[in-house]
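What follows is a short report on a single structure.
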Amino acid sequence: MKKFGYATHEKLKQKKEISFLFENGKWRSCGRLRIISVKDDSILNQKVGVSVSKRNFKKAVDRNRIKRLLREAYRLNKNVFTDCFGTHSLSMIFWASKDMPEHFNDVQKDFLNLCKSKK
């Protein structure tokens, strides 16, 4: 398996898992990112989803760009994320700002700060 992959089994897609996450998860915010996460031993492996508000970004092009940047930040810093939120967890990352990120480094910095603020 690739070291920096984002395999299908890591993607949060099932409605049942998403509703479980929103019922039992805890919210954290740091900078322009918000995350809801829940740890449970019944979860087989770590699953992560990303979301961007349609209210803040009307154009799908902008929403998709931010989602790509968020997934890339997760993919490259998966080990930091796993240390922070655990291997048996469900998480969803939200872009909570109305401003478009200028560079990937801005998103990555916010992502790492979010992971460090948990500890």
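The values are calculated or read from the model by the stated rules, or taken from the named source; none is laboratory data. Model, not experiment: these values are computed from the prediction. We place every Cβ from the backbone using ideal geometry, glycine too, and count neighbours over all the protein chains shown. Surface accessibility is based on the protein's heavy atoms, side chains included, excluding ligands, DNA and RNA. Shrake-Rupley method; radii C 1.70, N 1.55, O 1.52, S 1.80 Å.
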Residue that is farther than 17 Å from Glu10 by Cβ and either in a strand (DSSP E or B) or open to solvent by 80 Å² or more (accessible area, probe 1.4 Å) (or both), where the choices are Val48, Val38, Val61: Val61
Residues of region 10-35 satisfying the condition of being closer than 21 Å to Asn79 by Cβ and open to solvent by less than 50 Å² (accessible area, probe 1.4 Å): Glu10, Leu12, Cys30, Leu33, Ile35
Near pairs, Cβ below 6 angstrom, 6+ apart or cross-chain, from region 36-65 (closer than 20 Å to Tyr6 by Cβ and of a type in the set (S, T, N, Q)) to any residue that is open to solvent by less than 40 Å² (accessible area, probe 1.4 Å) and assigned to a loop (DSSP other than H, G, I, E, B): Ser37/Gly25
Test: Phe94 is among the aromatic types (Phe, Trp, Tyr), in contact with an Asp or Glu (Cβ under 7 Å, 6 or more places away or on another chain) and open to solvent by 10 Å² or more (accessible area, probe 1.4 Å): no
